[in-house]
Amino acid sequence: MRTGTPPQRGEFDREIPFKGTLGDEVEEEEFVKTIASCRVVILDRSTNTYHRLESNLEAGLVKILLARHDTLAIKGQDGPYSVIVEGKTILHIVDVRRTAVGGAITYFVVKAEGSTARATAGLVKLLNNQLPKNSGDRFVLVTNRDITKGRVNAAENILHTREVRNNSETSRVHDALLEHGGRAKVWHLAQLLPDLPMANIWTAVWDLIDRQLAIFDHPTPENVIMSEGSWIGAISKD
């Protein structure tokens, strides 16, 4: 039986109302998201915070950002931010706000590739033009060309690895990779370390990638999901 304080329930990054009924008066209704519209929930285990998002594309972006070492904080849906176009004020909600370790904030607008994204690009440019010239903050438009399956899969593996990694096993896999000439397929490493299950090898490989001691050695890793047959390359620190 475990002792000590049990885990506390995670907090949401913001309050979202339940779906309103007919007759409800909602201030700035256009910009108020409801639980019905925020269908995807991502848990940041490092802060025990739940992020409510509207799409799998937004969820993929959040995973990619959480896997980065220079991410300090994430918030889903932020704003609205105003921009003046031809004398008219336009309000816009950003889908994800990311604060970097150095304090700079990136406001991400997430759109599927296509006409809507192209139309939004001009608005994002105007929002950036209104920032102070010396500001480190910026508004960025990202699409499924940026939030690829390969990048999302890598982020998911890295986030999982941070919870279960074993430093000793990672060190052994790293040594095996170097002894193999610094480049090997994942299953080659499993053959070199027969006492370790493939699942442990897999975790160790992703730990090496997360620690920037190895890379997924492929011409376009962002477009490919890594497998046991993928090449892994050691990174020289010289």
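The values are calculated or read from the model by the stated rules, or taken from the named source; none is laboratory data. Not measured: the values here are computed from a predicted model. Cβ atoms come from the backbone with ideal geometry, glycine included; neighbour counts cover every protein chain shown.
Numbers at a glance
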| quantity | calculated |
| --- | --- |
| Selection within the range 174-184 - more than 26 Å from the chain's Cα centre (by Cα) and either charged (D, E, K, R) or surrounded by 17 or more Cβ atoms within 10 Å (Cβ to Cβ) (or both) | Asp175, Ala176, Leu177, Glu179, Arg183, Ala184 |
| Answer residue from the range 84-130, given it is in contact with a Lys or Arg (Cβ under 7 Å, 6 or more places away or on another chain) and farther than 21 Å from Val40 by Cβ and is surrounded by the most Cβ atoms within 10 Å (Cβ to Cβ) among those | Ile105 |
| Answer residue from the range 186-216, given it is touching a strand residue (DSSP E or B) at 6+ places or on another chain (Cβ under 9 Å) and closer than 12 Å to Trp231 by Cβ and is surrounded by the fewest Cβ atoms within 10 Å (Cβ to Cβ) among those | Ile215 |
| Residue among Val140, Val205 that is among the β-branched types (Val, Ile, Thr), closer than 30 Å to Asn129 by Cβ and outside any loop (DSSP other than H, G, I, E, B) | Val140 |
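One line per residue, one yes/no per condition, for (1) modelled with pLDDT of 90 or more; (2) more than 30 Å from Asp207 (Cα to Cα):
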residue: Asp44; (1), (2): no, no
residue: Leu61; (1), (2): yes, no
residue: Leu72; (1), (2): yes, no
residue: Glu86; (1), (2): no, yes
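The rows are residues; the columns are (1) of a type in the set (S, T, N, Q); (2) under 21 Å from Val164 (Cα atoms).
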residue	(1), (2)
Val41	no, no
Arg45	no, yes
Asn48	yes, yes
Ser55	yes, no
Glu58	no, no
Lys63	no, yes
His69	no, yes
Ile74	no, no
Asp78	no, no
